[in-house]
Structure formats: C-alpha cells, structure tokens
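Peer 1: Here it is, the structure in full.
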Amino acid sequence: MLYSEKVMDHFMNPRNVGKIDDADGVGEVGNAKCGDIMKIYLKVEDDIITDVKFNTFGCASAIATSSIATEMIKGKPISEALKLTNKAVVEALDGLPPVKIHCSVLAEEAVKAAVADYYKKQGKELDEEFFSCSGCCSACEHGEEHTH
C-alpha cells in the first residue's frame, strides 16, 4: 500500500494531538469494521475554532486524516468547519488508497460530531444539511440511534 509523503508526514508527526479538558465541543466516532476511533476536541470563541486537538486509535490513514482535518479547521469559523468534506481531507493529503477512504469520512464525521456537541451545549439548533447521516458508524448501518 503506497501512501503519499503528506500522509506519512502527518502519521509520523501528527499535529494537534492531545485533549482539551475544558473543551467547548467533543466529537467521538468509530468504525466497528476497522476498529478506528477518533475523538476531536474544540475550543471556540466568537464562533471561531481557537484550538482543536484529537486522539485517534487507528491505522496510519486514520491518524493522518485526523491530523490534517484539525489543521484545516483550526482558526476557522464554525461554519467553515462544517463544510469540511472527506474529499477535501483526501485532497489535502495528496490522496489515500481506496481501502482507506473511510478514514477521511471518519475525520469529517468527528469534526461534525464535535460541532454538534458544541451547538448542543450552546442551545443552538443543528442545521440538518450539515448533520445528516452519511453512514459514518455501525449505528447507521443497523438503523440504530446515533451516539454522536
């Protein structure tokens, strides 16, 4: 399996690893099939993501997609973070092997789950356009209620 230099760089030197104890929003998603689990923590001020950290249990692609996704949303307005797509994550990494594309989907879903948690804590309405299900987890596959 060939990985781009960017994937290897973000795997070997991941950015924004860690936890934010007083996070304004936390999103955790997982994929039962591959065992990858991503947790993203957001710190938000005036609707701008001032800090973001992640913890990911998974393969090189899962770690690299988490790392680049946090880089792509840090310092950006919440509205921009919600527009983050798995396609943009893959492009930012100069591609992923087809069998690893699901990792980029997890990164997108983890960001959205963290924003959803932030919105919930703020008493804000979730815009269904951004928070509709995209088959991100085993709950989707089985028609169960989401935990994120």
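None of the figures in this text is laboratory data; all of them are computed from the coordinates on show. Treat the numbers as computed from the prediction; the structure is a model and nothing was measured. Here the Cβ is made from the backbone with ideal geometry for all residues, glycine too, and neighbour counts use every protein chain on show.
Peer 1: For the pair Lys87 and Asp46, how long in nm is the line joining their label points, each one 7 Å along Cα→Cβ?
Peer 2: 3.3
Peer 1: Give me the one-decimal Kirkwood hydrodynamic radius in Å for segment 5-122, with the sum taken over alpha-carbon pairs.
Peer 2: 13.7
Peer 1: So for segment 1-70, considering every pair of alpha-carbon atoms, how many percent are separated by more than 15 Å?
Peer 2: 53
Peer 1: Next question, about the same structure. Test of understanding: ordering Tyr119, Tyr41 by Cβ neighbours within 10 Å, fewest first, what list do you get?
Peer 2: Fewest to most other Cβ atoms nearby, the residues stand as Tyr119, Tyr41.
Peer 1: Using Cα pairs closer than 8 Å and at least 6 residues apart in sequence, work out the relative contact order for the chain, in percent.
Peer 2: 28
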